[in-house]
Ligand code: F6P
């Protein structure tokens, strides 16, 4: 069944939200916290070891109720049903969107075109497991009989950003294999990676759903030629494997049929790290940890499907984002992980969110006259505090921020972690409450002459009232990372449903590719 087709601006909830915004635009967070001593508890959700506190947003109960009414009016419940059950919600490409099936451990079948896809998923996972075990244990030998020491993932976009982000994020759990990523067609990228490698002990994983992507095939060919400087074509099967849905093209490239890991057209590239596309993750941290990542995501799938919307983390995140994007006219959103391990998360989420919801045509084929996809940006705390946070605290723009943190550190350097987390909470406090004229005045009085106080005061003032979300986990583990990623996946889905767009195609990336090909021919 197709998704429903409702222009959100024609709903009665939207009209009520527009009216309510006239009051909400003057909300003062200090005031809201003063009036409601339970505000933090009222606007927090705890689920499976994770705390989501959204009390520091420019909302009251009425705003939340109206946003929930909007979700109900566009029939989000029906859309979630269709999303999980394999309906072709990527309607323009006539495809189901089933990254959730990749981590679904229930006994229930999931049908695409009348066929249960679960057996294929399980068989692919078994293949990833046995291959990972062979390589990690050293049983898989290269062409001179040596075990593998290095893995190179060759892919771009969804075939690179997810695995790269996760391998980096979970390096605490990594085994002895070194994992590298080659994505850019810029030859400097592949050259620098190859410099570090020994062809006898390197395994190349070519990840391309289509196996036609110019960047990936160019890099794969360059690497194959580099390899053949030391080995023969008969050795390729020991050093090259592929993850793709295009077996014919993979075989033509010279890869053994046995070494092809499947990909399916019902999994979008940017949501594919849970499939064989995550092979380099499984190689880097072992299959059991990879499975834990999937388990964490499955927990969020269950939560998203079953929790009431007012207690549903991805739904609330999406609604808040719509509140700022469509009513406060915020254009951007910050993702701020207080963990150096998550330095690649903002780039990963940029693709996930912006390739999905950067759309200007609705499900009627009509140009949209309201705002859709927000611009995602960010960096790790605390480094960004010394970089762009000035603008977020005192600039002219309203930028809602997600602060992602962990109660416990992995390396046990308690002193570091206390400082990190003190900054995590302090930034949110500063954004929320700012510093009043009276407070600044008192401070200035201590060290300044009377005539300087009024001159300095405006510059030292923090208006506060800048929204932020607390997303706090116990510890960075494969499972909690799986939860985090799935939360954002479902937030993106929910936004697309409300904006009445198709989130799972990406025709906007095609024109540039076509023109580049034309230029190359001339
Ligand atoms: O950039 C567009 C895109 O199609 C992404 O959606 C995709 O993840 C990437 O290119 C790579 O595609 P492929 O896996 O087919 O090489």
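The values are calculated or read from the model by the stated rules, or taken from the named source; none is laboratory data. From a predicted model like this one, the values you see are computed outputs, not experimental measurements. Backbone-built Cβ (ideal geometry, glycine too); neighbour counts: all protein chains shown.
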Checklist entry - Does at least one position in the range 122-139 carry a residue that is within 24 Å of residue 349 (Cβ to Cβ) and either modelled with pLDDT under 95 or away from the ligand (no atom under 16 Å from the Cβ) (or both)? => result no
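Of the residues 401, 356, which is within 18 Å of the chain's Cα centre (by Cα), in the same structural domain as residue 14 (by TED's automatic domain parsing) and closer than 14 Å to residue 468 by Cβ?
Values: 356 fails: closer than 14 Å to residue 468 by Cβ.
Just a single option satisfies the conditions, and that option is 401.
Does residue 256 fit the bill of being in contact (Cβ under 8 Å) with a residue 40 or more places away in the chain and more than 32 Å from the chain's Cα centre (by Cα)? First the steps, then the outcome.
Details: in contact (Cβ under 8 Å) with a residue 40 or more places away in the chain: no; more than 32 Å from the chain's Cα centre (by Cα): yes.
Spelling it out, it is not the case that residue 256 is in contact (Cβ under 8 Å) with a residue 40 or more places away in the chain and more than 32 Å from the chain's Cα centre (by Cα).
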Checklist entry - Pairs under 7 Å by beta carbon, first residue over 10 Å from residue 156 (Cα atoms) in the range 213-224, partner assigned to a helix (DSSP H, G or I) and within 14 Å of the ligand (Cβ to nearest atom), six or more apart or different chains? => result 220/253
Checklist outcome for this item: Pairing a residue in the range 228-241 that is in the same structural domain as residue 198 (by TED's automatic domain parsing) and farther than 18 Å from residue 259 by Cα with any residue that is surrounded by fewer than 19 Cβ atoms within 10 Å (Cβ to Cβ) and at pLDDT 95 or above, where Cβ atoms lie under 8 Å and the two sit 6 or more apart in sequence or on different chains, gives 231/143
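Filtering the range 198-232 down to residues that are assigned to a loop (DSSP other than H, G, I, E, B) and within 11 Å of the ligand (Cβ to nearest atom), which residue is surrounded by the fewest Cβ atoms within 10 Å (Cβ to Cβ)? Spell out how you get there, then give the answer.
So the first thing to find is which residues in the range 198-232 are assigned to a loop (DSSP other than H, G, I, E, B), and the list is 198, 208-213, 229-232.
From what is left, the residues that are within 11 Å of the ligand (Cβ to nearest atom) are 208-213.
Details: 208: 29, 209: 24, 210: 15, 211: 25, 212: 11, 213: 20.
Checking each candidate, the answer is 212.
With the range 423-502 as the region, which helices (runs of 4 or more DSSP H) entirely inside it contain at least 3 residues that are exposed (fewer than 14 other Cβ atoms within 10 Å of the Cβ) and in contact (Cβ under 8 Å) with a residue 40 or more places away in the chain?
Details: elements: 437-447, 450-460, 478-499.
Because the criterion is at least 3 residues that are exposed (fewer than 14 other Cβ atoms within 10 Å of the Cβ) and in contact (Cβ under 8 Å) with a residue 40 or more places away in the chain, no helices (runs of 4 or more DSSP H) in the range 423-502 meet it.
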Checklist entry - Say we look at the range 237-253 and pick out the residues that are buried (at least 23 other Cβ atoms within 10 Å of the Cβ) and within 10 Å of the ligand (Cβ to nearest atom); which of these is farthest from residue 131 (Cα to Cα)? => result 244
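Give the residue that is nearest to residue 102 (Cα to Cα), with candidates limited to residues of the range 155-176 that are away from the ligand (no atom under 16 Å from the Cβ) and not in a helix (DSSP H, G or I). Explain how you work it out, then say what you get.
Kept after step one, since they are away from the ligand (no atom under 16 Å from the Cβ), are these residues of the range 155-176: 167-176.
Within this subset, residues satisfying the condition of being not in a helix (DSSP H, G or I) are 170, 174-176.
Numbers: 170: 20, 174: 23, 175: 24, 176: 27 Å.
Taking the candidates together, the pick is 170.
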Checklist entry - So is residue 147 more than 27 Å from residue 288 (Cα to Cα), modelled with pLDDT of 95 or more, away from the ligand (no atom under 15 Å from the Cβ) and in the same structural domain as residue 272 (by TED's automatic domain parsing) or not? => result no
Checklist entry - What is the one condition in (1) outside any strand (DSSP E or B); (2) away from the ligand (no atom under 16 Å from the Cβ) that residue 179 does not satisfy? => result (1)
Checklist outcome for this item: Note on the range 259-273: residues in contact with a helix residue (DSSP H, G or I) (Cβ under 6 Å, 6 or more places away or on another chain), in contact (Cβ under 8 Å) with a residue 24 or more places away in the chain and more than 11 Å from the ligand (Cβ to nearest atom) are 261, 262
